[in-house]
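Peer 1: Let me begin by handing over the structure; questions about it come next.
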Amino acid sequence: MKILWAISGGLQATPQRQESQDEVLAMIVMRLAAEFQGFSRDLHDEAVDCFVSQVAGRTQSVQSILLERMTSGRDLGKGNAHADALDRDFARLGLALWPALEQADPNAIRWRQELTKLNQMRNAIAHDDRSRLQALRQSGYMLTTGLVETWEQTLNSLAGTMDDVVSANLSNLLGCQDLGD
């Protein structure tokens, strides 16, 4: 990400470079969405591993069955890490994710909205959907450095709180230690 931000910063000098600036910002949006999806999937994997090891103990056949059931067809493996996908996948672990996030940090309501807009922007960019990009611009989501920086900060805050919430949930449910340790 640092390289993309460095390139972006170097392109802001002249109006002729606006198209290049837009392309770099689009790459950053794509990267942010991909990294957040990867984080979310990894967090889910770690949580599932904790759940399976606590429930199945050392019984390999039960571990295999539980692992397959907890991860097969999950939304994070086939699409964007949007709010509903996160809800559905973490519900497999008995966690109502967004209510727990909102209880942990009232900013989670805004994070959810920004995650939705980030994914809408990501999809519009990925599918070269100019009408969707225009609709986002008209609703106040112009692809700017400031907006992309806000999304990066939002995802960082969301990821940290998700880690805490998932860890606390598993600890309360099963006695697993913090996932981050």
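Peer 1: Please give the contour-minus-distance gain from N156 to R88: 0.36 nm per residue of separation, less the Cα-Cα distance, rounded to one decimal in nm.
Peer 2: 22.4 nm
Peer 1: Now for a different question. Ordered by residue, what ³J(HN,Hα) values in Hz, to whole numbers, does region 99-112 give under the Karplus form 6.51 cos²θ - 1.76 cosθ + 1.60, where θ = phi - 60° and Gly and Pro are x?
Peer 2: So the Karplus estimates, Gly and Pro as x, are x, 5, 5, 5, 5, 6, 7, x, 5, 4, 4, 5, 4, 4 Hz.
Peer 1: Gap in Å between the Cα centre of region 33-68 and the Cα centre of region 161-175?
Peer 2: Taking the Cα centre of region 33-68 as reference, the centre of region 161-175 is 14 Å away.
Peer 1: Once the Cβ-Cβ distance between A34 and Q138 is put in as r, and R0 is 41 Å, what FRET efficiency do you end up with, to the nearest 0.05?
Peer 2: Details: r = 26 Å, r/R0 = 0.64.
That gives a FRET efficiency of 0.95.
Peer 1: Show log10 I(q)/I(0) for the chain at q = 0.08, 0.11, 0.16, 0.17 Å⁻¹, two decimals, from a solvent-free Debye sum over equal Cα scatterers.
Peer 2: -0.31, -0.55, -0.97, -1.05
Peer 1: Pull out a ≥ b ≥ c, the square roots of the eigenvalues of the alpha-carbon gyration tensor of region 66-120, then state rounded if a/c is under 1.5, prolate if not and a/b is larger than b/c, and oblate in the remaining case.
Peer 2: It comes out oblate by the Cα gyration axes.
Peer 1: Let me ask something else about it. Apply the Karplus parameterisation 6.51 cos²θ - 1.76 cosθ + 1.60, with θ equal to phi minus 60°, to every residue of region 57-63 and state each ³J(HN,Hα) to the nearest whole Hz, in sequence, with x for glycine and proline.
Peer 2: Once θ is set to phi - 60°, the couplings for region 57-63 become x, 9, 7, 4, 5, 5, 4 Hz.
Peer 1: To test your reading of the geometry: what angle, between 0 and 90 degrees and rounded to tens, separates the Cα axis of helix 145-174 from the longest principal axis of the chain?
Peer 2: Relative to the chain, helix 145-174 is tipped by roughly 0 degrees.
Peer 1: Using the Kirkwood formula over every pair of different C-alpha atoms, what hydrodynamic radius in Å results for region 30-116?
Peer 2: Values: mean 1/r = 0.0724 Å⁻¹.
By the Kirkwood definition, the hydrodynamic radius is 13.8 Å.
Peer 1: Across region 111-178, what fraction of all alpha-carbon pairs, as a whole percent, falls in each successive 5 Å bin from zero upward?
Peer 2: Computed distribution, short to long bins: 4, 16, 20, 18, 11, 9, 8, 7, 6, 2.
Bear in mind that the values in this text are calculations on the coordinates, not laboratory data. Owing to the predicted nature of the structure, the values given are computational and were not obtained by experimental measurement. Methodologically, a virtual Cβ is constructed for each residue, glycine included, from the backbone with ideal geometry; neighbour enumeration extends over all protein chains shown.
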